[in-house]
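What follows is a short report on a single structure.
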Amino acid sequence: MEPHRPEVTSPGRIASLYDDHHDRYVERTDHLVPPGRDSFLAAVPTYSTVLDLGCGPGRDLLAFADAGHAAIGVDVSAAMVATARDRLAGRPDCAAHLADLTALPLPDGSVDAVWSNGVVHHLSVDDLRTALREVRRVCRPGAPVHLLTRAGDVTGVAFGGRPADGGSVPGVLLWTPADFEAVLRDTGLVPTVTAVVADPVVADLEWLHAIATT
Ligand SMILES: C[S@@+](CC[C@H](N)C(=O)[O-])C[C@H]1O[C@@H](n2cnc3c(N)ncnc32)[C@H](O)[C@@H]1O
């Protein structure tokens, strides 16, 4: 019998999983500072427009807004976007959009820096390529792009992603640094650093922190 080959969970299914796990996700992750967020902020010029890909409930958007930036979030989960919008209410030039990363609802050349924590392992290779081309389209030349995604010893789909230990994201895509850098280059970005970092909470979980410029 053929072994069952896992696939990356579709964006529609991802949206409903994160809708369902919204409260638990907020409870478990709101206090965290993702690895690399401070170094990202240090690389962003003052009064920038900062795009958070897969912003979730907006913890990082709020940090970017507090640092004086126009924080723009995009996420496919309606529940997550609703919370992010609540949190950004009254913040000038900040917004959260309900949209897929493969079709960013933003004008060409309107973004100065891009952040994404714990998101692109939910995208297939084709969707990641499309999303990265969208990043190039919406960014001004030379924008810093920081992406944290799941790392693996080989690039491929694994079972067992978790919206904050919900344990029910069937397939996520793990990346080696070399393969991820190759996709960044193929889509016209310039990788500058890729590093594997340990999850601050969960043992044996590793993240790939990829830094590039547009
Ligand atoms: C693990 S959460 C990370 C949320 C936030 N970045 C954080 O650090 O807490 C993953 C988020 O990515 C969003 N997401 C996954 N695939 C997406 C896609 N194709 N387009 C937009 N958002 C997506 C999910 O809805 C979810 O809110």
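The values are calculated or read from the model by the stated rules, or taken from the named source; none is laboratory data. Everything numeric in this text was worked out from a predicted model, so none of it was measured. When we count neighbours, we look across all protein chains shown, and the Cβ atoms used for this are built from the backbone with ideal geometry, even at glycine.
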Open item on the list: Can you say whether D93 is of a type in the set (D, E, K, R), in contact (Cβ under 8 Å) with a residue 60 or more places away in the chain and part of a loop (DSSP other than H, G, I, E, B), as far as the supplied structure shows?
Closed with: no
TODO: Would you check if A103 is at pLDDT below 95 and within 17 Å of the chain's Cα centre (by Cα)?
DONE: no
TODO: Being modelled with pLDDT of 95 or more, within 17 Å of L17 (Cα to Cα) and over 15 Å from the mean Cα position of the chain (by Cα) narrows it down to one of A79, A95, A70, so name that one.
DONE: A79
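The rows are residues; the columns are (1) modelled with pLDDT under 90; (2) touching a Ser or Thr at 6+ places or on another chain (Cβ under 6 Å); (3) over 18 Å from P35 (Cα atoms).
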{"site": "V154", "(1), (2), (3)": "no, no, yes"}
{"site": "P163", "(1), (2), (3)": "yes, no, no"}
{"site": "G166", "(1), (2), (3)": "yes, no, yes"}
{"site": "P170", "(1), (2), (3)": "yes, yes, yes"}
{"site": "V183", "(1), (2), (3)": "no, no, yes"}
{"site": "V193", "(1), (2), (3)": "no, no, no"}
{"site": "V197", "(1), (2), (3)": "no, no, no"}
{"site": "P200", "(1), (2), (3)": "yes, no, no"}
{"site": "A203", "(1), (2), (3)": "yes, no, no"}
- [ ] Scan the stretch 58-70 residue by residue and report those that are more than 7 Å from the ligand (Cβ to nearest atom) and either in contact with a Ser or Thr (Cβ under 8 Å, 6 or more places away or on another chain) or of a type in the set (S, T, Y) (or both).
- [x] G58, G68, H69, A70
TODO: Could you tell me which residue of the stretch 129-147 is farthest from the ligand (Cβ to nearest atom), considering only residues that are in contact with a strand residue (DSSP E or B) (Cβ under 8 Å, 6 or more places away or on another chain) and aliphatic (A, V, I, L, M)?
DONE: A143
Open item on the list: Scan the stretch 77-90 and tell me whether some residue there is within 11 Å of the ligand (Cβ to nearest atom), assigned to a helix (DSSP H, G or I), crowded, with 24+ Cβ neighbours inside 10 Å and not β-branched (V, I, T).
Closed with: yes
Open item on the list: Condition check: acidic (D, E), assigned to a loop (DSSP other than H, G, I, E, B) and more than 9 Å from the ligand (Cβ to nearest atom). Does E27 satisfy that?
Closed with: no
Open item on the list: Is it the case, given these coordinates, that R59 is closer than 25 Å to I211 by Cα, free of Cβ contacts under 8 Å to residues at least 40 places away in the same chain, surrounded by fewer than 23 Cβ atoms within 10 Å (Cβ to Cβ) and under 14 Å from the mean Cα position of the chain (by Cα)?
Closed with: yes
TODO: Could you tell me which numbered condition G73 fails, if it satisfies all but one of (1) within 9 Å of the ligand (Cβ to nearest atom); (2) in a helix (DSSP H, G or I)?
DONE: (2)
TODO: Determine whether G68 is closer than 18 Å to S48 by Cα and surrounded by fewer than 17 Cβ atoms within 10 Å (Cβ to Cβ).
DONE: yes
Task: In the stretch 30-57, the residues that are part of a helix (DSSP H, G or I), under 16 Å from A143 (Cα atoms) and more than 11 Å from the ligand (Cβ to nearest atom) - done: S39, F40, L41, A42, A43
Open item on the list: Out of the strands (runs of 3 or more DSSP E) lying entirely within the stretch 100-202, which hold 2 or more residues that are closer than 28 Å to H21 by Cα and not aliphatic (A, V, I, L, M)?
Closed with: 113-117, 144-150, 156-161, 169-174
